[in-house]
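Just below is one structure, and these are the notes that go with it.
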Amino acid sequence: MVSAARIAILARRTPILFLAIVLLAIGAAGAFHVPAMAQEQPQQNRGWSLRDLLFPRRSERVEPPLDIQKAKPKPRKPRIPRAPVEPQTPIAEKAPDARIVLVVGDFMASGLAEGLDIAFADNPAVRIVARSNGSSGFVRDDFYNWPEQIKSLIETEKPAAVVVMLGSNDRQQMKVGDVREQPRSENWTKEYERRTDELGKAIATAKVPFLWVGMPAFRVPKMTSDMLAFNDIYHKAAESHGGEFVDVWDGFVDENGAFVTNGPDMNGQPVRLRADDGINVSKAGKRKLAFYTEKPLMKILGLAGPGSVAPATAPAGAPVEAPAPAAAPIVIDRTAPMLLSDPALDGGTELLGAAPPAKANPALPGEKLVIEGKAPEASPGRADDFSWPPKAEPPATAAATDTTTAITP
């Protein structure tokens, strides 16, 4: 082995050769030991060495574990804004002597009753009583016979008015005698008219005023056409027994008469009126059904307005508050419609309700031309004066012409 003194002497004599030997020794040591160290301790920080400065290597990339690579953040779904909460209508406590409105029919009548509950929620003098059967109709009288049941319901509830909405379940075969007739066949229609007439007669016999609310349109076109035919039968049955038919059709179709799921509510705001099945009505749709019904219903009950608790003509000694004295009727002066293509001879330039101007005597030249067809005479010397020999101009006109000529240089 070479001693340290010998190495020192060689370093002084041949410094370049000594430096090359040292570098080769360091390189050989790194080639044999560094990979092993890297395999044993891949994460160890060895710091900077002479080999790293002389022979730089590409830094080894440490890959993250497989489960960390797959754990990617999930994209967030956009938040759907919630529908604004409708203000709850305060429900007034009903008076003991409140007038009862009996609502009868099928599942559509149940929705109508809910809408009427909201409409008269703040009126303590009116109470809505729903006595509907969701699966009932006129066809299956063996399941529920409305002409028979209405008598006992009126005797039990003693209503001030009855509201009927029935028929959405009647698009099915009906047993007439021993034969099952197809919907809307001749015999089917005659029997259906007889049964609806019996219901109207039963309510009229009890001497209770009633409203018959018609069916709305449905999503299925065949069902919609059947409801139109049913409404004609209901209209006839109601009016023949002193009732009133309430037509709600226009509130649930578009301008072309087609079924709509969304439409304007009672305030004109766009809302969802029908359920996804195209048959049931939403909360806004129930309120719209009641909107069509409440005005004729208030007329029957004698109420002056939606929130009025007193009838328009309260009898003497009635427990309700007497109404204020009626004001004098307001006479509205109306003017007949005017065509835009007419000449201004009918007051079209005047405001609505203005008194017509007095006609001059003799009539104006314009009136003679339009009414009598007589054109006014042309002034002498005017372009449309075709008289021969020419007429003499008035003295005033001639004098003005001479003065103008004299002044001109």
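Among the residues examined, L112 qualifies as in a helix (DSSP H, G or I) and touching a helix residue (DSSP H, G or I) at 6+ places or on another chain (Cβ under 9 Å). Sub-6 Å Cβ pairs linking a first residue in segment 164-178 that is under 12 Å from M227 (Cβ atoms) to a second residue that is open to solvent by 10 Å² or more (accessible area, probe 1.4 Å), at least 6 apart or interchain, are R171/P183, ordered by first then second residue.
Scanning segment 134-161 for residues that are of a type in the set (S, T, N, Q) and touching a Gly at 6+ places or on another chain (Cβ under 8 Å) yields one hit, S136.
Output the residues belonging to segment 269-288 that are more than 17 Å from A217 (Cβ to Cβ) and open to solvent by less than 50 Å² (accessible area, probe 1.4 Å). Steps first, please.
First, the residues of segment 269-288 that are more than 17 Å from A217 (Cβ to Cβ): 269-270, 283, 287.
Passing the criteria: only R287.
Can we say P124 is open to solvent by less than 30 Å² (accessible area, probe 1.4 Å) and of a type outside the set (G, A, S)? No. Taken as a whole, segment 122-145 holds at least one residue that is within 27 Å of the chain's Cα centre (by Cα), under 18 Å from T293 (Cβ atoms) and in contact (Cβ under 8 Å) with a residue 40 or more places away in the chain. Here P159 clears all of (1) over 22 Å from M227 (Cβ atoms); (2) modelled with pLDDT under 95 except the condition numbered (2).
The values are calculated or read from the model by the stated rules, or taken from the named source; none is laboratory data. Note that the structure is a prediction, hence the values are computed from the model and not measured. Note: ideal-geometry Cβ built from the backbone for every residue, glycine included; neighbour counts use all protein chains shown. To get the accessible areas, we keep the full protein, side chains included, count just its heavy atoms, and leave off ligands, DNA and RNA. Shrake-Rupley method; radii C 1.70, N 1.55, O 1.52, S 1.80 Å.
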